[in-house]
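Reading through the structure tokens given below for one structure.
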Amino acid sequence: MSEPGAVGPGPAAIQVSRIMRPDDANVAGNVHGGTILKMIEEAGAIISTRHCNSQAGEPCVAALARVERTDFLSPVCIGEVANVSAEITYTSRHSVEVQVNVMSENILTGAKKVTNKATLWYVPLSLKNVNKVLEVPPIQYVRKEQEEEGRKRYEEQKLDRLETKQRNGDVIFPVINPDRQTKEPQTVGYSQSSLIHLVGPSDCTLLGFVHGGVTMKLMDEVAGIVAARHCKTNIVTASVDAINFHEKIQKGSVITISGRMTFTSNKSMEIEVFVDAEPFVDESRGRYRAVSAFFTFVSLSREGKALPVPQLLTETEEEKRRFEEGKGRYLQTKAKRQVQLQQAAQQ
């Protein structure tokens with residue numbers, strides 16, 4: 001874990017650890033990205049909920065509002081221990097920023113490696129009224145600049161959340177039993193996939209809405225199915241763009257997680273994933289968009305080497321438009337990564 005950027009009041013950095021089991025991984029032994037995302041969110045929820053209840057006032061539960069882009073730097077394998085460390089790095093009046101690092105440990109050799117770094121945003125919701133957002137206790141910063149940097153990150157994510165919500169009119173129609181024999185391989189329609197899930201008590205927080213980590217795990221599963229159908233090889237999660245939680249999902253709702261291929265480069269695939277919720281208890285409310293994100297997967301050989309990805313065949317003007325938008329995101333990310341490598345080399 002990096003040196004803490006902020007100290008008290010509130011809890012210090014925490015660590016959650018768990019050994020990876022066969023049911024956490026794919027057939028090649030690589031742990032699903034969704035499993036790691038779920039662990040990341042659990043650690044974030046613990047530390048942010050503790051902090052938001054660190055002063056006298058209404059008891060509350062911290063609800064996940066957003067996950068910034070996260071890269072899967074290295075795969076985690078069955079039998080390794082995933083150590084997830086979380087610390088609070090910024091608070092606004094109604095939100096908490098949590099920085100999370102994931103390190104895998106081979107308990108036979110003692111070898112360790114960083115596998116993920118993530119930034120999550122939480123809001124405290126009253127236990128008495130799920131629709132009431134409470135104020136967050138402030139934290140103290142080691143340096144004044146850290147507060148200014150945090151405020152800048154807060155404003156940037158707030159703006160991006162608003163922009164993403166405005167784009168959420170798009171729809172992926174669920175595909176339950178598609179006749180793939182009538183579709184051409186490597187087209188959007190061929191690999192498009194959906195999963196329908198009834199939200200039960202074990203999926204939910206004390207307030208009766210879905211844990212963010214549960215939702216992210218399901219999203220990763222659907223994105224993985226899309227990627228596997230497209231290239232028919234072993235696939236792993238490479239990165240996830242910002243995940244925005246637009247609306248809470250209540251216990252008893254039916255959620256439809258839908259994914260479709262939007263862009264392919266030589267060695268990566270971008271999959272757009274939507275989560276739509278249908279409340280059963282509140283009949284006055286219809287189906288609504290709850291979560292959205294873009295997942296990037298890579299194809300691997302049996303030896304774990306990156307394989308070329310089949311080119312996505314776009315058939316409609318809408319698919320071509322989404323492909324070009326995905327290409328723009330890919331090039332932007334590639335340029336940022338090159339800048340980061342140059343800066344690291346100069347240090």
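Nothing in this text is a laboratory measurement; each read-out follows from the coordinates by a stated rule. All values derive from a computational prediction rather than experimental measurement. Cβ: placed from backbone, ideal geometry, glycine included. Neighbour counts: every protein chain shown.
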Taking the chain and counting helices only, DSSP H stretches of n ≥ 4 at -39,500 (n - 2.57) each over all residues, the nearest-500 ellipticity at 222 nm comes to -9500 deg cm²/dmol
Amide H contacts under 5 Å for Thr115, restricted to residues at least 5 apart in sequence or on another chain and with H modeled in the peptide plane, are Val102, Met103, Ser104
For segment 87-93, Karplus-derived ³J(HN,Hα) couplings (6.51, -1.76, 1.60; θ = phi - 60°; whole Hz; x for glycine and proline) come out as 8, 7, 10, 6, 10, 9, 5
Residue separation between Glu149 and Leu307 times 0.36 nm, minus their alpha-carbon distance, gives in nm 53.0 nm
Against the 2.2 N^0.38 Å rule of thumb, the C-alpha Rg of segment 233-335 sits at a ratio of 1.29
Both in Å, the radius of gyration and Dmax of the C-alpha trace of the chain are 20.2, 62
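Just the Kirkwood number for segment 1-138, please: inverse of mean 1/r across all distinct Cα pairs, in Å, one decimal. The partial results should precede the final answer.
Values: mean 1/r = 0.0639 Å⁻¹.
In segment 1-138 this quantity evaluates to 15.6 Å.
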Any residue on another chain or 5+ positions along whose placed amide H is under 5 Å from the amide H of Ala290 is listed here as Val275, Asp276, Ala277
Expected sort for 222-229, 124-131 on mean C-beta neighbours within 10 Å, highest first, is 222-229, 124-131
Expected vector for segment 58-64, Karplus 3J(HN,Hα) from phi with 6.51, -1.76, 1.60 and θ = phi - 60°, integer Hz, x for Gly and Pro, equals 5, x, 8, 10, 7, 9, 5
Ile196 and Gln140 label points (each 7 Å along its Cα→Cβ direction) are spaced in nm at 5.5
Scalar couplings 3J(HN,Hα) for segment 48-57 by Karplus 6.51 cos²θ - 1.76 cosθ + 1.60 (θ = phi - 60°), nearest whole Hz, x for Gly and Pro, are 6, 5, 4, 5, 5, 9, 7, 10, 4, x
Under a Gaussian network model of the chain whose springs join Cα atoms within less than 10 Å, the largest fluctuation of Phe323, Phe245, Phe263 belongs to Phe323
Length gained, Ser126-Gln338, 0.36 nm per residue minus C-alpha separation, equals 72.0 nm
